[in-house]
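A.B. asks: Sharing a structure with you now.
The values are calculated or read from the model by the stated rules, or taken from the named source; none is laboratory data. These numbers were taken from a predicted model, which means no experiment stands behind them. Ideal geometry is used to build each Cβ from the backbone, glycine not excepted, and the neighbour counts take in all protein chains shown.
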Amino acid sequence: MSRREKYAPTENINLTSMVDILFMLLFVVIITAPIMHAQVDLSLPKSSAARVTDEGSVTVSITADKTIYIEKTPLPIGELARKIWEIRETKSITSVALRADGKVDYSTIMKVIGAIKEGGIDDLGLVAIPDKEK
């Protein structure tokens, strides 16, 4: 047997390492996906009209102690309209998802909605937990 026959190239592709890398990437994505969509902890009200919000929108949250957040950044209500306007201009968003704790009073929610409207947003969604009882 000559050396050429002994070391002849084979036509098989070893996929083991490629599959290992793909599984590792899948594992990393599964672990980091919930972290990437971090939200402020709230006790959302339940509603039969609840639906999934658009991921392209900005989330405004109101906690039980009436602290207002845009995504995870707290800010006073006086700066909300200006900040919404800035985000609308830089990220060209057209909608806002409003998340409010179930203990927040109606007047606070209406003030925040007014500030969002002053920021130039007409498409406003209210976020709730879907009610399973029917």
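A.B. asks: Pick out, from region 1-115, the helices (runs of 4 or more DSSP H) lying fully within it that include 3 or more residues that are at pLDDT 90 or above and of a type outside the set (Gly, Ala, Ser).
C.D. replies: Here the list reads 16-36, 77-91.
A.B. asks: Out of all the residues in region 87-134, which are in contact (Cβ under 8 Å) with a residue 24 or more places away in the chain and at positive phi?
C.D. replies: Matches in region 87-134: GLY120 only.
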